[in-house]
Each structure stands twice: as structure tokens, then as C-alpha cells.
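Shown next, in C-alpha cells, is the structure this report addresses.
The values are calculated or read from the model by the stated rules, or taken from the named source; none is laboratory data. Because the structure is a prediction, the values reported are computed rather than measured. With ideal geometry, Cβ positions are generated from the backbone for all residues, glycine too; neighbour counts draw on all protein chains shown.
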Amino acid sequence: MKFCFGLSFVHPDTYLEIAPIAEAHGWDTAVLSDHVVNPDVIEAKYPYNEDGSRMWDHSTPWPDVWVATGMMAAVTRTLNFMQSVYVLPMREPFSVAKAVGTVALMSGYRVSLGIGLGWMRDEFEILGHPFEKRGPRTDEMVEVMRKLWTGEVVEHHGRFHDFPPLSMSPGLSGQVPVVVGGISEPAMRRVARIADGWAPAYLTVDQVREGLEKIRGYQQEYGRGGHPLSVYTSCADASDLDGYKRMADAGVTHILTSPWLLYSGSSDHREMVKGASVEQMRDGLRRFADDVIARI
């Protein structure tokens, strides 16, 4: 069982200080999240709030995932990096493959690519990428990027991308695991079909267990039976030692938390995140390491 700390909503001016602290206290992975722009008014509905409102406003920081990862990788030696999630289909595969491959190579392969399909149509339109068919486009983008990461001369003739023999150098000698987010049936099938990991959100321990059973069944359908899966998540019904052990028994490999929130005493998630100081983050990382990581 490994532990990850989430950097959603956290200001990047704290990253370079807290990353080495987390590494020194046994944390395995820093998890970032992703938006490029946030329109002041949007038509899309946020799927995880009943009223469709976002949990953040225009002032919430969303640093570039790959720049931030590269900077933190430079001040650490063993800390890993993942995204929950990087909205892949509002990009094109060549620039993403170049950025991810560069960070993976220069960090010693401490990077996983955690992808999601995205929900904010408004952001897709501003960036000039179609919102429709983002599922099959994502599948093909992963196929294209895996070809490019080999560093060999490759070509591709698909539904959304078509290019002649070419190469992207330097190639990678290590792996970039692909982790797929989402809890829908198509998302779980995508995990089974193309991924090395799953990053569900807002599930209970039993729901994670049930989801994994489905995914493993789908893996058999796609001829990938037995392919190992990392599972990155938090569960609302597991927030102590016994709960974390239940998560591990259910198949969770990487438990995701923001430890400074657990010790803040506030019940308002948005206010806790926005109000966390670097001192609170340092204290939360250390206390959780003593209370949980060391004991497990």
C-alpha cells in the first residue's frame, strides 16, 4: 500500500518546498490535476455537484502539469508523479507525448500519465478541440503516444490521426504507465482495454471492489487478462488505519489524500484547500506519515 498527496487547488509556490518533505516522510506520489483555462461563466455542469456548480473560482491555481512535475522531480529523487486527471482529448498527441516523454526520461521514469475525458465543453471549444467523440479520440491518442515514445520510426493511419513514417527522439527505455480516471461503464472498459491503472473518484470501498471485479472481467474480454493494475483513489468510508487496510484488501494500491485537510478542523473542503498554508501542509504531511504511513 502506497500513499499519495493531492495538489488540487494548492498554489504552486509551495510545491518545491513540500515535495522534498513528503519524500523524506515516506510519501510515494504527488498527484496533480488539470485545467488550462476556467471561463468565468460556463454552460457545462460539473458532474460531481448536484447543482452542477464548480468547486473553485477563476482565482484557483492550475499550474501546467508537466512544468510543475519537472520542477518537483528536480528537487526529489524517489517521489513519483501522477495526475488525477490530465484532460488528454483537449490536446493533440504529439505535444503531449513530447512533454510527458521528456519529464519521464529526465526524472528517471517517475511519471505516470493519469488521463480523463473531461467534462467542460466550454474549455474544449476555447482550446480548439472537439468535445464530441473524445472517448475514441483518447484511445487513439494513447496508441499514437505509445508509438512515439519508442523513439523508432513509426507511422499511423487511424480514424483521427494519420501520419507518415517519423520518429520522436529521444525515445524512452522505461515505461510511462497510463492510468484512466472515471467510474462510468465506458471508463471501466477503457481501463481494461488500454490502461495500466484506474483512478476512480467518490466511491466507497465496496464500490471500488465491485468496479475492479468488472474491470478484470473486461480485461479477459480484451485479451488482457492478468495485466496488473494500479488503483489510485480515496474512499469516503475509509479515513483511518482500518479503513486504509480495507481499501488495500479491495485492491487499492495507492491511497490518495490531502493530509493537511485531515488536521485542519474545518468541515468546508473548499475553504480548507484555499486556506492551507505551507506550514499546515508541512505539518499535515509529517503527522500523517507518523500516524499512518509508519504504522502501516
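If you check 107, 112, which single one turns out to be among the polar types (S, T, N, Q) and touching a strand residue (DSSP E or B) at 6+ places or on another chain (Cβ under 7 Å)?
From the options 107, 112, the qualifying one is 112.
For residue 68, are the conditions met, namely being over 15 Å from the mean Cα position of the chain (by Cα) and outside any loop (DSSP other than H, G, I, E, B)?
Criteria not met by residue 68.
Do we have any residue at all in the stretch 22-41 that's polar (S, T, N, Q), under 24 Å from residue 129 (Cβ atoms) and modelled with pLDDT of 95 or more?
Yes, the conditions are met somewhere in the stretch 22-41.
Between 191, 153, which is in contact with a strand residue (DSSP E or B) (Cβ under 8 Å, 6 or more places away or on another chain) and surrounded by 13 or more Cβ atoms within 10 Å (Cβ to Cβ)?
From the options 191, 153, the qualifying one is 191.
When you scan the stretch 157-207, how many residues do you find that are over 30 Å from residue 256 (Cβ atoms) and of a type outside the set (A, V, I, L, M, F, W, C)?
Residues flagged as over 30 Å from residue 256 (Cβ atoms) and of a type outside the set (A, V, I, L, M, F, W, C) within the stretch 157-207 amount to 11.
If you scan the stretch 20-60, which residues turn out to be of a type in the set (Asp, Glu), in a loop (DSSP other than H, G, I, E, B) and closer than 30 Å to residue 107 by Cβ?
Result: 28, 34.
I need the full set of residues from the stretch 1-50 which are under 20 Å from residue 115 (Cβ atoms) and among the aliphatic types (A, V, I, L, M), in order please.
Passing the criteria: 7, 30, 31, 32, 36, 37, 44.
When the stretch 77-101 is examined, which residues are found to be crowded, with 16+ Cβ neighbours inside 10 Å and closer than 20 Å to residue 15 by Cα?
Selection gives 79, 80, 81, 82, 83, 84, 85, 86, 99, 100.
Any idea how many residues of the stretch 229-263 are of a type in the set (Phe, Trp, Tyr) and assigned to a strand (DSSP E or B)?
Residues in the stretch 229-263 being of a type in the set (Phe, Trp, Tyr) and assigned to a strand (DSSP E or B): 1 in total.
Just need a number here: residues in the stretch 227-240 that are more than 15 Å from residue 201 (Cα to Cα) and at pLDDT 95 or above.
3
Among the residues of the stretch 229-246, is any within 17 Å of residue 5 (Cα to Cα) and of a type in the set (D, E, K, R)?
Yes, the stretch 229-246 has at least one match.
Which condition number does residue 73 fail, the rest of (1) touching a Lys or Arg at 6+ places or on another chain (Cβ under 9 Å); (2) buried (at least 21 other Cβ atoms within 10 Å of the Cβ); (3) in contact (Cβ under 8 Å) with a residue 40 or more places away in the chain being met?
Going through (1) touching a Lys or Arg at 6+ places or on another chain (Cβ under 9 Å); (2) buried (at least 21 other Cβ atoms within 10 Å of the Cβ); (3) in contact (Cβ under 8 Å) with a residue 40 or more places away in the chain one by one, residue 73 breaks only (3).
Which pairs do you get when a residue that is among the basic types (Lys, Arg), found in the stretch 141-152, comes within reach of a residue that is at pLDDT 95 or above, reach meaning Cβ atoms under 7 angstrom, with the pair 6+ apart or on two chains?
The qualifying pairs are 147/154; 147/156.
Being among the polar types (S, T, N, Q) and within 20 Å of the chain's Cα centre (by Cα) is the filter here; which residues of the stretch 193-236 pass it?
Once the filter is applied, which keeps residues that are among the polar types (S, T, N, Q) and within 20 Å of the chain's Cα centre (by Cα), the stretch 193-236 yields 204, 207, 230, 233, 234.
Taking the stretch 218-238 as the region of interest, how many residues are of a type in the set (Ser, Thr, Tyr) and either in contact with a helix residue (DSSP H, G or I) (Cβ under 7 Å, 6 or more places away or on another chain) or on the phi > 0 side of the Ramachandran plot (or both)?
Residues that pass the stated criteria total 3.
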